[in-house]
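Everything below concerns the one structure shown next.
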Amino acid sequence: MPENGAGPAIKVAVYAALTYDIISATNSSPQTTEINAAVRAETLMKWVKIGLLQAALFAIIGIALDNERWPPALGSGLAGLLLWYQYEHAKQAGLEKPGPPSEVYGGFGAPGQQGTTQNPEPENEPEFEYQPNTFAELPGMA
């Protein structure tokens, strides 16, 4: 590692980024947690805990393998604390002031049965407007 002190800084950043990456792989965003907390707070936070446990496992491996034990501990620990606070805040905000959810609730099942994931009032859905999906379809771009 470089003699100018960048070595520990890089290690802290790597372990913080690893923690954020693991949470990204196991969780929806804090915004999604806030929007859907009224119905799914328990399961949303379950996955935050699972992600943080996975990140802790990698931190423990880093602490065990690195001669400088503090950079992996600091990077993973600080990122984990910040992420926990972020998701916990999102959950509380969503429970205190629930807004319109981004999901259709009710579980799985065939349309028309209890537990369906379909909107029970499809006639109230807005009309779909065609949106060009390539530049060639945009006016003046052909």
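The values are calculated or read from the model by the stated rules, or taken from the named source; none is laboratory data. Note that the structure is a prediction, hence the values are computed from the model and not measured. Virtual Cβ from ideal backbone geometry, glycine too; neighbours counted across all protein chains shown.
Filter region 73-91 for residues that are of a type in the set (Ser, Thr, Tyr) and more than 20 Å from Ile10 (Cα to Cα); which is surrounded by the fewest Cβ atoms within 10 Å (Cβ to Cβ)? Only one residue fits best here, namely Tyr85.
In region 47-58, is there at least one residue being of a type in the set (Lys, Arg) and at pLDDT 95 or above?
The answer is yes; a qualifying residue exists.
Taking the criterion of being in contact (Cβ under 8 Å) with a residue 40 or more places away in the chain and part of a helix (DSSP H, G or I), the residues of region 49-72 that qualify are Phe58, Ala59, Gly62, Trp70, Pro71, Pro72.
Checked against the criterion of being touching a Gly at 6+ places or on another chain (Cβ under 9 Å), surrounded by fewer than 16 Cβ atoms within 10 Å (Cβ to Cβ) and in a helix (DSSP H, G or I), the candidates Ala41, Ala13, Ala37, Ala9 yield just one match: Ala13. Restricting attention to region 20-56, the residues that are aliphatic (A, V, I, L, M), closer than 24 Å to Leu74 by Cα and in contact with a helix residue (DSSP H, G or I) (Cβ under 9 Å, 6 or more places away or on another chain) add up to 9.
Restricting to region 50-62, and then to whatever is surrounded by fewer than 18 Cβ atoms within 10 Å (Cβ to Cβ) and among the aliphatic types (A, V, I, L, M), can you tell me which residue is nearest to the chain's Cα centre (by Cα)? Here the residue is Ile50. A single entry from Gly77, Gly94 fulfils the requirement of being of a type outside the set (Asp, Glu), closer than 24 Å to Ala25 by Cβ, modelled with pLDDT of 95 or more and assigned to a helix (DSSP H, G or I): Gly77.
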